[in-house]
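Working notes, beginning with the structure itself.
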Amino acid sequence: GRAAALLLLLLLAACPGPGRAGAGRERRDALREELLLSPLSTGDVAATFQFRTRWDADLQRGAVSHYRLFPKALGRLVAALGVRELHLALTQGFWRTRFWGQPPLQAPAGAELWVWFQPTVTDVDKAWKELSNILSGIFCASLNFIDSTNTVIPTASFKPLGLANGTDHHLLRYAVLPREVVCTENLTPWKKLLPCGSKAGLAVLLKAERLFHSSYHSQAVHIRPICRDASCVAVSWELRQTLTVVFDVFSSGQGKKDWSLFKMFSRTLTDACPLASQSKVYVDISPKNKEKELLEVTPPPTSVHEAVVQGDKKTYAVYDLLSPLLFNTSRSLNVQLKWKRPQDSSEMPIPVLHAQRYVGGYGLQTGEICTLIYNTHPHRAFPVILLETVPWYLRLYVHTLTVITKGKENKPSYIHYQPAQDRRRPHLLEMLIQLPANSVTKITIQFERALLKWTEYPPDPNHGFYVGSSVLSALVPSVIAMKDVDVEQSPLFTSLFPSSDGSSYFVRLYTEPLLVNLPTPDFSMPYNVICLTCTVVAVCYGSFYNLLTRTFHVEEPSRGGLAKRLANVIRKLRGVPLL
Amino acid sequence: EADAALRPLQDVSMGSLTMYVVPETSSLLPQGTSVYVGKHRSALVRAGGSLPALHARLRQVTQVMSFTATSIAAALSDRVPDGRLSPDARRSLKSSLGYEITFSLLNPDPKSHAVDWDIEGAVNRYVKPVLDKLSLVANFSVDSQILYYAILGVTPRYDKESSSFLLSAHSLPHVINPVEARLGSSAASLYPVLNFLLYVPERSHSPLYIQDKDGAPVSTNAFHSPRWGGIMVYNVEAPASPQASLPLHVDVDMARVMEVFLAQLRLLFGLSREELPPEFLLESPGNEGLADWELDHLLWAHTVENIATVSTTLTSLAQLLDKIGNIVIKDDVASEVYRAVASVQSAVAELAMGHLHSAFQASKEAVTSSERAFFDPSLLHLLYFPDDQKFAIYIPLFLPMAVPILLSLAKIVRETRQRKKEPTKMD
């Protein structure tokens, strides 16, 4: 009512803008969504969701920005703090590379955050601290525990995945929080960043009660600048939200290994997100031993796509949710996978590169970290970069570092070691190791456990202290030559990592996190000390004092008293003279 | 036109008003109006019959163009007891160094409506001139976003007579909460946010009208919430043929939308033109959205509020120090406090002299310094043990030791008293 009255007095003099034709407005952002279902050798199935928003805009500080598909929270963050690339992953569980094969994108257990800043940022540490605090608010995760004691500056392992003009590694920060737990309250803000939310498209399958009932759950956010087109004159921003989940046979309860969308997610797909320009479901139906097909998919796919992924030729059944043929027969899409014949373990392909890490030694004083790296390629050798971040309270002795391959010492061609400073900085060890063909490399380093101050122990200190996963980055030679992929045309899972040439592909693996016990004091001691001291003081001092200061009085003999009469009764019974 | 011609003759300092008295029979002012208020701090007043009438009229003009007791009370609204305020007094935003304005388009049904709005052009054309005028008061930053599948939390009622959906006035407060979860908090800055939402109802709930308290549909189809922002409902006409292909392309008429939002922005800043007597004629401020004297009014209100905030902050800091004697005040915190006090004193002095601009700057500095002093993280460290921990450690040790000593002291006192009595007895 009031606004109406005021409008009569308020006259906007400017003419309204020229009428625009409604249809065909040029859009500056695009959304593609994709789901990849790959059955794993052990009968489990891995589902990888990818939502990619591409925005042709310039996120400068201070410029007014108008957001449509790109979420405003992340856009303002990138603009305000001068971020060039941001990668945040929250993971629960561990990807078993040995049994499941190489993952499309792996993340270490817990929370991992690595960021490249723009060269215009003057104080990178201050921006890093603000960034981790703001992200901790956006994703409801305890990323505010990231501080200088778990942040490192790697020199060789984490090269930018997007466009980069120059790579001064002082603009890079990497931190991992192995103790972080992922749950529904982290999934909800992640889903809120999607343009269609969880109301339409592939995101309707993301229901928390099924997603967390799995052996591996990893959700990640990747922001990076990319070329706008082939000539690469202008820069666009790309936001990828990925979610990988592995459903395994045992936790789902049934003995049969047949899978379907309904069995995995307790939902089916009904339509595509109206804002997406592409919405597809890929199912990996590659024959394992190159003879006959292993898997049968119903309903029949709209098309079949072949690609060379991670060095192997793979075949995918494609369901295009935007094509009108798909929902002709039924209102919902429930992709079902049936095994045609039972599998035997001899068919399990072993990945070319996998690794293991464990703690050796005994007692609470010293120990040893051992990493085993396997290269199962029959005749090609390739180098791998190993990055280890060890907290300061495990004091590493670098002179005990040994790298042994096939019984002989294998000297790394590049070592970058930054020792820790107590309570300020962790250890950083980066090595470039050449792995000969068909070999196992064992890397050991000894450490000593430190005694912490009593206020520095976390609650439940006897649980142990976590050491974050180590990172292995390698260019693995591929069996089949790979063509250069056009990012816009090919499926999203092939364009995650930039490929330099066709003969090898980039792989980043993480080892297990370690749980190490430190010498833990008994926290009930202050209470015990107070009790003991007070008892000693009360008893000894009190009686001493009494002895010294007692005065003696003469007492009249008293006539009786209860004790004397009782004693007389007993004496009478015994026949002894009375008192 | 006369106003524009007279402008170069005036003394254009902030906070001052010039009034020109025109004879009763002059034809400069149209019939029926006795006061013409310009947009640049001047007014033309028609002389009444007598001097007291002229006085009264001049006083009225001063009250409209400058501040009154009620407007000062409104500026201090948080500190004045409830009974003395008018209900509109708490509508305006608290004074702050900057504001963020976010325009959001809510489209709950992207399958039926493909909505486009030229927000960038509209912001440049309509909003920027207003914000440029207001840039003296605070820093502004403008953002916009489009949210899909964002629904209002309230189901509208279907009205058969008008064959439309209605949102009643008492269900409006429930609309904001569910929407706010999707709006996203501004994590990257500390300024308060003003949200302006444009809601395009779903195909199944179109057309949607807002009812005011009397049951009539609101003509602008919009409402605002004090200290938060405003919401406008934009209805899309049904397609001509029922078989039209979905989604419908909708181009939002930004002029109509921005009219409403800018009016709401003025209301949120407390610039309303409600209480005008009928013979007043106001010149419209045109593209800039507000007249110079309205800007002065805003500056007065903000200056007074800043001074009140500073005094409250410093008083609470002093009271805190009285209660907890252990807190150590560092030198830079002390210098901030001194600077705040000096700025407040200079602001008050400047206000008394009528220099509005310098008073406002001084009050802003005072607020910054006092906030920096009060929220300094070094104040939070308690550098010594609190008193009850000291008791908890020392009492279990010293109490058992003290008890025998106290007992023997009591015995000694008793014995001396007895000995004093006995010599008197024996004697």
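The values are calculated or read from the model by the stated rules, or taken from the named source; none is laboratory data. As the structure is a prediction and not an experimental result, all values here were calculated from the model. Don't worry about glycine lacking a Cβ; one is built from the backbone with ideal geometry, like all the others, and counts go over all protein chains shown.
Here residue B:209 clears all of (1) outside any strand (DSSP E or B); (2) in contact with a Pro (Cβ under 6 Å, 6 or more places away or on another chain) except the condition numbered (1).
Candidates are the residues of the stretch B:240-266 that are in contact with a Lys or Arg (Cβ under 9 Å, 6 or more places away or on another chain) and part of a loop (DSSP other than H, G, I, E, B); the one that is farthest from the other protein chains (Cβ to nearest Cβ) is B:246.
Might you let me know whether the stretch A:125-132 holds any residue that is in contact (Cβ under 8 Å) with a residue 40 or more places away in the chain, among the acidic types (Asp, Glu) and crowded, with 18+ Cβ neighbours inside 10 Å? Scanning the stretch A:125-132, I find no residue that is in contact (Cβ under 8 Å) with a residue 40 or more places away in the chain, among the acidic types (Asp, Glu) and crowded, with 18+ Cβ neighbours inside 10 Å, so the answer is no.
Residues in the stretch A:510-558 that are of a type in the set (S, T, N, Q), exposed (fewer than 11 other Cβ atoms within 10 Å of the Cβ) and more than 14 Å from every other protein chain (Cβ to nearest Cβ): A:524, A:558.
Might you let me know whether the stretch A:176-188 holds any residue that is assigned to a loop (DSSP other than H, G, I, E, B) and in contact with a Cys (Cβ under 8 Å, 6 or more places away or on another chain)? Scanning the stretch A:176-188, I find no residue that is assigned to a loop (DSSP other than H, G, I, E, B) and in contact with a Cys (Cβ under 8 Å, 6 or more places away or on another chain), so the answer is no.
Under the condition of being in contact with a strand residue (DSSP E or B) (Cβ under 7 Å, 6 or more places away or on another chain), aromatic (Phe, Trp, Tyr) and away from every other protein chain (no Cβ under 14 Å), the residues counted in the stretch A:179-228 number 1.
So that you can scan it fast, the table gives a plain yes or no per residue for (1) under 30 Å from residue A:376 (Cβ atoms); (2) in contact with a helix residue (DSSP H, G or I) (Cβ under 6 Å, 6 or more places away or on another chain); (3) modelled with pLDDT under 90:
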site	(1), (2), (3)
A:458	no, no, yes
A:484	yes, no, yes
A:491	yes, no, yes
A:504	yes, no, yes
A:518	no, no, no
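Selection of the stretch B:397-423 for residues being within 11 Å of another protein chain (Cβ to nearest Cβ) and charged (D, E, K, R) yields B:411, B:415.
Here are some residues: B:408, B:363. Which one is at negative phi, in contact (Cβ under 8 Å) with a residue 60 or more places away in the chain and among the polar types (S, T, N, Q)?
Details: B:408 fails: in contact (Cβ under 8 Å) with a residue 60 or more places away in the chain.
Just a single option satisfies the conditions, and that option is B:363.
Quick grid of which residues meet (1) over 24 Å from the mean Cα position of the chain (by Cα); (2) of a type in the set (Gly, Ala, Ser):
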residue: B:319; (1), (2): yes, no
residue: B:348; (1), (2): no, no
residue: B:359; (1), (2): no, yes
residue: B:374; (1), (2): no, no
residue: B:399; (1), (2): yes, no
residue: B:406; (1), (2): yes, no
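Test residue B:61 against the criterion of being part of a helix (DSSP H, G or I) and at pLDDT below 85, and give yes or no. So residue B:61 passes the test. Restricting to the stretch B:117-175, name every residue that is touching a His at 6+ places or on another chain (Cβ under 7 Å) and not β-branched (Val, Ile, Thr). Passing the criteria: B:120, B:144, B:153, B:156, B:165. When you go through (1) touching a residue at least 12 places away in the same chain (Cβ under 8 Å); (2) part of a loop (DSSP other than H, G, I, E, B); (3) charged (D, E, K, R); (4) under 25 Å from residue A:52 (Cα atoms) one by one for residue A:488, which number turns out not to apply? Going through (1) touching a residue at least 12 places away in the same chain (Cβ under 8 Å); (2) part of a loop (DSSP other than H, G, I, E, B); (3) charged (D, E, K, R); (4) under 25 Å from residue A:52 (Cα atoms) one by one, residue A:488 breaks only (1).
Can you name the helices (runs of 4 or more DSSP H) wholly within the stretch A:43-151 that have at least 2 residues being within 14 Å of another protein chain (Cβ to nearest Cβ) and in contact with a Leu (Cβ under 6 Å, 6 or more places away or on another chain)?
Working: elements: A:72-81, A:97-100, A:124-139.
Those helices (runs of 4 or more DSSP H) span A:72-81, A:124-139.
Of the residues making up the stretch A:155-164, at least one is in contact with a helix residue (DSSP H, G or I) (Cβ under 7 Å, 6 or more places away or on another chain) and in a loop (DSSP other than H, G, I, E, B). Quick check: is even one residue across the stretch B:231-238 free of Cβ contacts under 8 Å to residues at least 60 places away in the same chain, within 12 Å of another protein chain (Cβ to nearest Cβ) and within 24 Å of the chain's Cα centre (by Cα)? Taking every residue of the stretch B:231-238 in turn, at least one turns out to be free of Cβ contacts under 8 Å to residues at least 60 places away in the same chain, within 12 Å of another protein chain (Cβ to nearest Cβ) and within 24 Å of the chain's Cα centre (by Cα). Across the stretch B:349-367, the qualifying residues are those that are over 14 Å from residue B:296 (Cβ atoms) and surrounded by fewer than 17 Cβ atoms within 10 Å (Cβ to Cβ), and the one among them that is modelled with the highest pLDDT is B:349. So, residue B:398, is that one at pLDDT below 90, farther than 30 Å from residue B:17 by Cα and crowded, with 17+ Cβ neighbours inside 10 Å or not? No.
When the stretch A:189-219 is filtered for residues that are within 19 Å of the chain's Cα centre (by Cα), of a type in the set (A, V, I, L, M, F, W, C) and part of a loop (DSSP other than H, G, I, E, B), the ones remaining, listed by number, are A:193, A:206, A:212. Of the numbered criteria (1) polar (S, T, N, Q); (2) touching a residue at least 12 places away in the same chain (Cβ under 8 Å); (3) within 12 Å of another protein chain (Cβ to nearest Cβ); (4) closer than 18 Å to residue B:258 by Cα, the one residue B:225 fails is (3). Going by the structure shown, is residue B:269 surrounded by 15 or more Cβ atoms within 10 Å (Cβ to Cβ) and modelled with pLDDT of 80 or more? Judged against the criteria, residue B:269 is a match.
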